[in-house]
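The values are calculated or read from the model by the stated rules, or taken from the named source; none is laboratory data. Note that this is a predicted model, so its numbers are computed, not measured. As a convention, Cβ positions derive from the backbone with ideal geometry for all residues, glycine included, and neighbour counts pool all protein chains shown.
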Amino acid sequence: MLGLTPSGAPAAPGAQQAALAQTPGYQFALQQGLQSTQASANAMGLGLSGNTLTALDQYSTGLANQTYQQAVGNVENVVGLGQAAAAGQAANIGNAAANISGSLTNQGINAANIDINQAAALSKIAGGAAGQYAMYNTLKGLQNPGDVPPINYAPNPYATDVPTGVVGPIS
């Protein structure tokens, strides 16, 4: 039908028409139609007149055209099925790609959230440790004021009557 042989090579010119003419359906319809047309002409006493020959030609040409159009329609149906299948596969591939992309995006978001939570935990631990250290030193200073090292204040250059130097705990 497409001008190709089973091996895929181009067919000889006229091979498609010859193949259609050899199909059993075409042969039967042609034989019955020609016999019917001849029988009708014979019944009217026309035999093989010009009108009879024209009617035989019109019948055979019409049958050939009908057979060819039917064969083309059959091929179109097969091609349509193939196109629909290809479109379906393309849609499936697109959906799969979208699903994979979404999964990878979610995986990246989850990994980032884990890192953020780990950083927050480390920050909380460090802040808690610093707070505990400050509280320890505060409590230690309240319980044993002499054990806390003195705070060294910088001398005030504007003070005139205040002694400068190291100031210890207030007694």
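Is it true that residue 89 is modelled with pLDDT of 85 or more and under 23 Å from the mean Cα position of the chain (by Cα)? Working first, answer last.
Values: modelled with pLDDT of 85 or more: yes; under 23 Å from the mean Cα position of the chain (by Cα): yes.
Yes, satisfied.
So, residue 83, is that one free of Cβ contacts under 8 Å to residues at least 24 places away in the same chain, under 14 Å from residue 20 (Cα atoms), under 56 Å from the mean Cα position of the chain (by Cα) and assigned to a helix (DSSP H, G or I) or not? Let's see the steps before the verdict.
Details: free of Cβ contacts under 8 Å to residues at least 24 places away in the same chain: yes; under 14 Å from residue 20 (Cα atoms): no; under 56 Å from the mean Cα position of the chain (by Cα): yes; assigned to a helix (DSSP H, G or I): yes.
Judged against the criteria, residue 83 is not a match.
Against the definition (surrounded by 10 or more Cβ atoms within 10 Å (Cβ to Cβ) and at pLDDT 90 or above), how does residue 65 come out, yes or no?
Values: surrounded by 10 or more Cβ atoms within 10 Å (Cβ to Cβ): yes; at pLDDT 90 or above: no.
Spelling it out, it is not the case that residue 65 is surrounded by 10 or more Cβ atoms within 10 Å (Cβ to Cβ) and at pLDDT 90 or above.
Would you call residue 102 closer than 30 Å to residue 21 by Cα and in a helix (DSSP H, G or I)? Steps first, answer last, please.
Working: closer than 30 Å to residue 21 by Cα: no; in a helix (DSSP H, G or I): yes.
Considered against the rule, which asks whether it is closer than 30 Å to residue 21 by Cα and in a helix (DSSP H, G or I), residue 102 comes out as no.
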